[in-house]
1. Can Tyr25 be described as closer than 30 Å to Phe162 by Cα, open to solvent by 50 Å² or more (accessible area, probe 1.4 Å), of a type outside the set (S, T, N, Q) and out of contact with any helix residue (DSSP H, G or I) (no Cβ under 6 Å at 6 or more places or on another chain)?
2. Out of all the residues in segment 166-175, is one or more of a type in the set (A, V, I, L, M, F, W, C), under 18 Å from Met92 (Cα atoms), out of contact with any Phe, Trp or Tyr (no Cβ under 7 Å at 6 or more places or on another chain) and open to solvent by less than 20 Å² (accessible area, probe 1.4 Å)?
3. Restricting attention to segment 28-55, and to residues there that are under 26 Å from the mean Cα position of the chain (by Cα) and in contact (Cβ under 8 Å) with a residue 12 or more places away in the chain, which single residue is most open to solvent (accessible area, probe 1.4 Å)?
4. Just the residues that are outside any helix (DSSP H, G or I), crowded, with 16+ Cβ neighbours inside 10 Å and modelled with pLDDT of 85 or more, please, taken from segment 211-252.
5. What's the number of the condition Leu55 fails, among (1) over 30 Å from Pro222 (Cβ atoms); (2) outside any helix (DSSP H, G or I)?
6. Could you list, ordered by first residue, the pairs with Cβ atoms under 8 Å in which the first is in segment 80-92 and crowded, with 16+ Cβ neighbours inside 10 Å and the second is outside any helix (DSSP H, G or I), at least 6 apart or interchain?
Amino acid sequence: MIIKNPLAKMFVWIILLIWSVAVLYPLIWTLLDALKNNEQFFLNAPWALPKFPLLWSNFSYVWSKYNFSTYFMNSIVVTVGSTLLGMILAAMTAYILARYDFKGNKILLTIYISSMMIPFALALIPLFFLLNDLHLINTWLGLILVYAALNLPFGIFLLVGFYKSLPKEIEEAAIIDGTSHYGTFFRVMLPLSQPGLITVMITNMLNNWNEYFLGVVLTNEPTKYTLPIGLAVMQAEMQYRVEWGPLFAGLLITTLPTLIVYMIFQRQIASGITAGAVK
């Protein structure tokens with residue numbers, strides 16, 4: 001929608017400016033507090049600017065002292081593995097449900113979509129015992145499989161509509177040229193679904209990176225903690241000797257990767273969500 005009225009444009013810009021300040025202020029405040037020592041927190045106002053010299057060493061202190069290097073690597077492995085697995089499984093399942101007509105098709109789709117309404121806390125106890133029997137507690141593979149499964153219904157829901165919007169003539173032309181069903185999917189349909197795949201990838205990545213509850217239940221060894229769990233452990237260790245600067249530095253280390261990825265792919269996320277809305 002294009003706004004032509006100058007007063008309306010000004011009003012929109014003012015609203016957007018206020019919203020931008022409200023969104024950016026907590027992030028900027030976190031960065032400024034990460035550069036302070038405890039003395040500045042107690043003697044000055046918490047929202048005051050940090051004094052020179054700026055304590056950039058808080059970041060290296062958290063990285064080494066509180067094992068954030070290990071937590072960061074665990075988060076990278078689990079997030080990348082579960083995101084890629086969930087994305088390819090969602091794409092393959094959605095393609096079959098959208099392009100092939102078979103008995104029980106709509107029932108399967110309904111089951112997948114309905115599963116999004118079930119609180120995962122209800123399945124927590126049986127899930128724990130299942131992974132324990134499979135010897136997947138305190139493993140990257142256990143978290144990867146669980147995270148991928150949890151994100152599967154949303155990915156299917158989004159990609160089914162996208163695949164239905166693609167012309168059938170493209171698929172028929174590939175089959176006439178001698179391409180197999182697998183080749184049609186991987187060589188033709190999968191590249192065409194890039195906007196939807198990017199949306200699924202980024203959404204899954206953000207969910208998996210920030211997930212805390214399942215990580216706490218399925219891991220009890222510090223060497224397997226992800227960043228959200230590591231940040232909670234760090235805060236618990238500081239209850240008798242609070243180090244506010246390093247705590248804010250750890251929070252920023254945990255938050256910054258998701259913000260960077262979202263800023264890079266925000267246009268693709270918006271286009272991917274709306275791409276399959278209209279057939």
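1. Against the criterion (closer than 30 Å to Phe162 by Cα, open to solvent by 50 Å² or more (accessible area, probe 1.4 Å), of a type outside the set (S, T, N, Q) and out of contact with any helix residue (DSSP H, G or I) (no Cβ under 6 Å at 6 or more places or on another chain)), Tyr25 does not qualify.
2. The answer is yes, given that some residue of segment 166-175 is of a type in the set (A, V, I, L, M, F, W, C), under 18 Å from Met92 (Cα atoms), out of contact with any Phe, Trp or Tyr (no Cβ under 7 Å at 6 or more places or on another chain) and open to solvent by less than 20 Å² (accessible area, probe 1.4 Å).
3. This residue is Trp29.
4. Within segment 211-252, Glu211, Thr219, Tyr225, Thr226 meet the criteria.
5. It is condition (1) that Leu55 fails.
6. Hits for this filter: Ala91/Ser193.
To keep it simple, each residue is scored yes or no on (1) open to solvent by less than 30 Å² (accessible area, probe 1.4 Å); (2) not hydrophobic (A, V, I, L, M, F, W, C).
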position	(1), (2)
Met116	no, no
Leu127	no, no
Leu143	yes, no
Leu150	no, no
Gly155	yes, yes
Tyr163	yes, yes
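Table: residues versus (1) under 25 Å from Arg187 (Cβ atoms); (2) at pLDDT 85 or above; (3) within 23 Å of the chain's Cα centre (by Cα); (4) assigned to a helix (DSSP H, G or I).
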residue	(1), (2), (3), (4)
Val77	no, yes, yes, yes
Ser82	no, yes, yes, yes
Met87	yes, yes, yes, yes
Ala90	yes, yes, yes, yes
Asp101	yes, no, no, no
Ile107	no, yes, no, yes
Thr110	no, yes, no, yes
Leu122	no, no, yes, yes
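The values are calculated or read from the model by the stated rules, or taken from the named source; none is laboratory data. Small disclaimer: the values here were computed from a predicted structure and weren't measured. All Cβ positions, glycine included, derive from the backbone under ideal geometry; neighbour counts span all protein chains shown. SASA here: full protein model, heavy atoms, side chains in, ligands and nucleic acids out. Shrake-Rupley method; radii C 1.70, N 1.55, O 1.52, S 1.80 Å.
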